[in-house]
1. Which number in (1) in contact with a strand residue (DSSP E or B) (Cβ under 6 Å, 6 or more places away or on another chain); (2) open to solvent by 20 Å² or more (accessible area, probe 1.4 Å); (3) over 30 Å from Lys102 (Cα atoms) marks the one condition that Arg295 misses?
2. Criterion first (part of a loop (DSSP other than H, G, I, E, B) and modelled with pLDDT of 90 or more) does Leu313 satisfy it?
3. Among the residues of segment 596-616, how many are open to solvent by 60 Å² or more (accessible area, probe 1.4 Å), over 11 Å from Gln535 (Cβ atoms), assigned to a helix (DSSP H, G or I) and of a type in the set (A, V, I, L, M, F, W, C)?
4. With the condition kept exactly as written, say whether any residue in segment 278-287 is under 40 Å from the mean Cα position of the chain (by Cα), open to solvent by 30 Å² or more (accessible area, probe 1.4 Å) and in contact (Cβ under 8 Å) with a residue 12 or more places away in the chain.
5. List every residue pair whose Cβ atoms sit under 7 Å apart, with the two residues 6 or more apart in sequence or on different chains, where the first one lies in segment 642-653 and is among the basic types (Lys, Arg) and the second, anywhere, is part of a loop (DSSP other than H, G, I, E, B) and open to solvent by less than 20 Å² (accessible area, probe 1.4 Å).
6. Which count do you get for residues in segment 579-595 that are part of a helix (DSSP H, G or I) and buried (at least 20 other Cβ atoms within 10 Å of the Cβ)?
7. Considering only segment 617-629, how many residues are closer than 20 Å to Thr523 by Cβ, open to solvent by less than 10 Å² (accessible area, probe 1.4 Å) and part of a helix (DSSP H, G or I)?
8. Cβ-Cβ under 6 Å, sequence separation 6+ or interchain: first residue in segment 99-116 and assigned to a loop (DSSP other than H, G, I, E, B), partner charged (D, E, K, R). Which pairs?
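The values are calculated or read from the model by the stated rules, or taken from the named source; none is laboratory data. Everything quoted here is computed from the prediction, not taken from an experiment. Because the Cβ atoms are built from the backbone with ideal geometry, glycine has one as well, and the counts that use them run over all protein chains shown. Ligands, DNA and RNA are excluded from the accessible area calculation, which covers all protein heavy atoms including side chains. Shrake-Rupley method; radii C 1.70, N 1.55, O 1.52, S 1.80 Å.
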Amino acid sequence: MFYLIGRSGLTVVAGACLVAFLAFLPAGDAAAGSLKKEDIQRRFGVPYEVQEKLAEVPAWPVTSSLEKEVGPVAYVFESIDIAPLPGFEGSPMNFLISIDRKGNFMDVEVLQQREPVFTFRDLGGLGDTPLRDFIAQYAGKSLNQPFVIALDAARNHTGLGRQAVGHATLDGIAKATTSVRIVNQTVLTSALVVARAKLGFAEHREQRQPAKPLPEVIERLSFAELLDQGMIGHLKLTNAEIEQRFVGTDGAQADPEALAAPGDAFVDLYVAYLNAPTIGRAILGDQQYETMMARNFDHRHLWWIGSSGRFRLVSDDFTPGTQSPYVALSQDGGFVDFRDQGYESVNVIGAPTLGESRIFGVGPDAGVDPGSALELVLTVTRAKGMVLPTLSHQKITLDYRPPSRLFVYPPTPLPEWLLAWQSRWLDIAIIGFSLILLTLVLARPRWVSVNPQRLRLFRQAFLTFTLFFLGWHAQGQLSIVQVTGAVKSLAGGHGLSSYLYDPVSLVLIGFTLFSFVLWGRGTFCGWLCPFGALQEFVGDFARFLRLPKLSLPAKLVRRLENIRYVILAVLVACAAFAPTIGENLNEVEPFKTSITVAFDRGWPFVTYAALLLLAGALYYKFFCRFLCPLGGVMSLGGKLRRLGWLARRSECGQPCQRCKSACRYDAIEPSGEIRYDHCFQCLDCVGIYHDPQRCVPIMLFDKKGVRLEPRKSGAI
């Protein structure tokens with residue numbers, strides 16, 4: 001497809017004026033993406049669900065309700081957040097790009113562009129239709145393919161169409177080659193950043209800034225010495241070796257010249273990274289090297305490629321400055337925009353006789369690390385038949401990595417999990433301080449609990465912190481999902497390293513395990529559970545409104561308390577053997593609805609959470625006591641408790657029932673013993689025990705001058 005621009009003098013003048021006008025317009029949202037999660041969700045719809053934007057790379061993961069067990073099925077991102085490359089007129093274009101989990105483009109959409117060639121159609125521009133047609137071609141193509149932008153001459157001269165050489169060939173736009181080149185680099189660069197971060201495209205290399213070549217020559221070497229030391233890469237294959245690669249394909253025995261001279265060289269190829277002066281000056285000489293670098297004003301990475309033999313780097317009608325359909329550059333599993341630099345004749349000092357000698361380059365924003373391993377990929381194509389030939393392709397790869405002593409490497413980056421901790425340091429510090437405070441209070445509870453108003457003030461303040469800061473702000477709501485997730489990870493042989501990436505939850509998990517040994521389950525459930533805090537506030541508000549309080553027989557309560565263990569067993573079994581079902585059943589917990597997304601969810605989930613809160617208003621902490629599978633985990637963990645820290649007297653329960661009547665959790669038996677598995681550690685009974693104005697035995701025996709002795713705490 002071709003689009004032409006009129007060249008009238010009026011158009012040129014008017015266009016220039018408009019470009020100048022645009023240059024003075026405010027950039028607005030050009031500096032960063034402007035879309036929200038809701039905007040992305042509207043574009044996808046059912047069955048897809050857009051998740052929160054990631055912290056490590058500005059992209060939205062997209063999951064599917066049909067494939068929940070596989071995790072994200074796609075990633076969506078705005079190119080301006082990742083690769084804000086300036087366009088022809090100086091402002092970055094912005095595209096909404098979606099790639100699937102295999103690195104295939106799903107869609108590319110124009111969000112913003114100010115390229116003069118694509119605007120003001122009435123004044124000689126093309127309008128944005130050609131641009132939209134161009135980017136529509138990315139859909140279905142893979143980042144694992146080399147991308148080539150071709151016009152008719154380059155595409156049709158050999159009859160090798162877009163499927164012919166295994167490349168992703170895009171129809172170019174005549175008279176807009178510069179803008180199209182920037183579009184392609186923007187799309188590929190931003191997509192590769194996401195692919196390397198989330199799709200395993202860089203599993204063999206640490207994520208870090210690219211190495212920089214040393215600016216000086218460290219030693220003067222000949223061509224042969226450069227070759228011996230790996231500064232020049234070399235690949236040589238004979239016709240017979242190429243023929244061997246086509247065995248079993250339609251291309252076998254389809255090259256008469258190769259069959260006639262099997263020992264002759266098919267390709268004898270050399271490659272060298274020129275930006276390293278030790279290599280560049282040795283190959284080109286000082287004068288030619290300095291001239292070339294002076295022309296390299298945009299600081300591209302440059303490679304010299306020389307070859308002899310039958311393989312050609314470019315075709316006879318090749319346009320200098322474009323991409324070759326036969327030579328591509330790949331690193332970390334993705335191909336980059338690898339372009340000829342227009343040097344049609346390059347004199348190489350000391351090189352053998354070569355048929356071709358050219359320089360190719362990659363933009364500095366392409367994410368290529370010249371100090372790491374990369375691959376030069378050659379495509380060999382054979383045609384069988386005359387009228388409608390059957391085409392066969394083989395890839396030849398030359399691995400190349402210059403010696404590390406030619407580069408300055410940036411410091412090795414911290415692991416991603418540690419970066420996650422660094423980014424949350426303030427939240428972690430505040431939470432750490434709160435946990436220390438809570439530990440001190442629980443270790444010496446008498447002072448805070450003996451005064452009921454002081455205890456109420458402290459408890460209300462801490463639960464407010466738990467709900468608003470720990471829950472809604474820091475997203476520190478522990479959940480049964482973390483338990484079932486651990487089961488799935490261990491069952492799949494993946495370990496638990498993913499928990500390192502959630503520092504807030506990991507800190508709370510560690511403190512909760514510590515609290516099991518000292519105090520049992522009540523520390524988390526009574527003080528650190530955001531949904532538990534919300535339930536407590538709802539219960540207090542219900543008492544303020546004088547709503548009726550339901551009462552259930554003790555035997556029925558005991559039976560209902562076992563439901564949470566049944567739910568826990570079902571969820572753990574599903575996590576191990578039926579993960580898809582288990583993910584749906586995990587919604588028995590209202591934590592995601594009420595805390596994680598703060599009720600910003602579909603009406604069935606909000607209604608369910610609201611009904612549980614209403615039940616808690618009528619029967620104190622209904623969900624926590626009867627249904628919460630995480631509460632079941634906490635009760636089981638509470639079996640590790642080693643301290644009977646709630647002091648009791650011989651008169652407790654025999655006959656005094658003062659603490660039992662005050663306990664809203666029914667955690668005190670008529671005998672006065674404490675049911676630690678059901679205690680939420682509210683400290684009410686501790687305050688009563690030490691308060692001479694509320695403890696009945698103290699009040700009675702004080703009148704008789706009898707000193708009461710504490711008895712060993714019991715537990716059930």
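1. Result: Arg295 fails condition (1) only.
2. yes
3. Qualifying residue count for the region: 3.
4. no
5. From segment 642-653, the pairs are Arg648/Gly672; Arg648/Gly714.
6. Summing the residues that are part of a helix (DSSP H, G or I) and buried (at least 20 other Cβ atoms within 10 Å of the Cβ) in segment 579-595 gives 6.
7. 2
8. Arg114/Glu89
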